[in-house]
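Right, one structure below, let's go through it.
The values are calculated or read from the model by the stated rules, or taken from the named source; none is laboratory data. Since this is a predicted model, take the numbers as computed values, not measurements. Glycine also receives a Cβ, built like all others from the backbone with ideal geometry; neighbour counts cover every protein chain displayed.
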Amino acid sequence: MIQHHPQDEMLLAHAAGSLAAGPALLVASHIEQCAVCRERMALLDVVGGAFLDALTPAALAPDAFARTLSAIDALNGKMAESAADMARRPSFPALPAGATWPKAFDGCTVTPWRWLGPGMRWSRVTLPHDSAANVFLLRIGAGKKLPQHTHSEIELTQVLYGSFDDGRSVFGAGDFDEADGSIHHQPVVHTQSECICLASVQGRVKFKGAVARTLGALVGM
């Protein structure tokens, strides 16, 4: 059962389309798995629609309709290009039996699993509309732990498979976490299975220890 969810402010920003691309991917991935947040999103959409209905009507520019049709044509062209790119894209790296890629990954590029340390691998995720977004996957073996760290800004984590405990709480498949500089933790994967997490980092992950900082810099954490 999913226990940890994005805050309402983040869901509202996602509904409004104002989230940055990296956080938006994580929130969308969470919503796919979480019936509770899908209901919350539906409510936020209703509230947003009510606010729009309450606004005073404003006159449109004379060429507004023509510009709208032009924007739709441009969007259709981009969607066709995206579909062609998806058809040509390489396969995503393998997942454990029973795990599936979120539909939110459509259009993304995901590198093969790369060695990070004993029992640890990572993969870079490149988003189609923001190639600079710092998003990656971590695949950590059963019983393994990440180095102790904090954050210069914000790190968002969505658990895709398995579970871990960082001393604050247990995070299982479907759970969402937001950590900032006030959080000092060391995620430890449960011994029953490996754990795969999707992460979006703003700023840097501040690891304790020179070796951990070096490996983190290689990943872009």
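Could you pull out every one of the helices (runs of 4 or more DSSP H) wholly within the range 21-137 that has 1 or more residues that are closer than 27 Å to residue 7 by Cβ and modelled with pLDDT under 90? It would help to see each step written out before you state the result.
Details: elements: 21-33, 35-54, 64-88.
By residue number, 35-54.
Is it the case, given these coordinates, that residue 167 is touching a strand residue (DSSP E or B) at 6+ places or on another chain (Cβ under 9 Å), in a loop (DSSP other than H, G, I, E, B) and surrounded by 16 or more Cβ atoms within 10 Å (Cβ to Cβ)?
Working: touching a strand residue (DSSP E or B) at 6+ places or on another chain (Cβ under 9 Å): yes; in a loop (DSSP other than H, G, I, E, B): yes; surrounded by 16 or more Cβ atoms within 10 Å (Cβ to Cβ): no.
No: the conditions fail for residue 167.
Would you be able to tell me the number of residues in the range 138-164 that are in contact with a Ser or Thr (Cβ under 6 Å, 6 or more places away or on another chain), buried (at least 22 other Cβ atoms within 10 Å of the Cβ) and among the aliphatic types (A, V, I, L, M)? Even if it seems obvious, please write down each step before you answer.
First, the residues of the range 138-164 that are in contact with a Ser or Thr (Cβ under 6 Å, 6 or more places away or on another chain): 142-143, 156, 158, 162.
Those left that are additionally buried (at least 22 other Cβ atoms within 10 Å of the Cβ): 156, 158, 162.
Of the ones still in play, those that are also among the aliphatic types (A, V, I, L, M) are 156.
Number of matching residues: 1.
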- Failed item, numbered, when residue 183 is tested on (1) within 18 Å of residue 102 (Cβ to Cβ); (2) of a type in the set (Val, Ile, Thr); (3) assigned to a loop (DSSP other than H, G, I, E, B): (1)
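For the range 186-218: of the residues being among the hydroxyl-bearing types (Ser, Thr, Tyr) and not in a loop (DSSP other than H, G, I, E, B), which is farthest from the chain's Cα centre (by Cα)?
Within the range 186-218, the first condition is being among the hydroxyl-bearing types (Ser, Thr, Tyr), and the residues that meet it are 191, 193, 200, 214.
Filter once more, keeping what is not in a loop (DSSP other than H, G, I, E, B): 200, 214.
On the way: 200: 6, 214: 24 Å.
Within the range 186-218, the match that is farthest from the chain's Cα centre (by Cα) is 214.
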- Note on the structure: For the range 140-165, the count of residues that are over 19 Å from the mean Cα position of the chain (by Cα) and closer than 29 Å to residue 38 by Cα equals 1
- Item | Subset of the range 88-137 that is of a type in the set (A, V, I, L, M, F, W, C), closer than 16 Å to residue 219 by Cβ and without any contact (Cβ under 8 Å) to a residue 40 or more places away in the chain - its residue that is surrounded by the fewest Cβ atoms within 10 Å (Cβ to Cβ) | 132
- Pairs under 7 Å by beta carbon, first residue within 17 Å of residue 101 (Cα to Cα) in the range 28-40, partner among the basic types (Lys, Arg) and part of a helix (DSSP H, G or I), six or more apart or different chains? 31/38; 32/103
- Task: Determine whether the range 114-133 contains at least one residue that is among the β-branched types (Val, Ile, Thr) and under 18 Å from residue 91 (Cβ atoms).
- Result: yes
- Note on the structure: Checked pairs for the range 4-25, first within 13 Å of residue 178 (Cβ to Cβ) and of a type outside the set (Gly, Ala, Ser), second at pLDDT below 90 and in a helix (DSSP H, G or I), C-beta under 8 Å and 6 or more apart or across chains, list as 8/44; 11/44
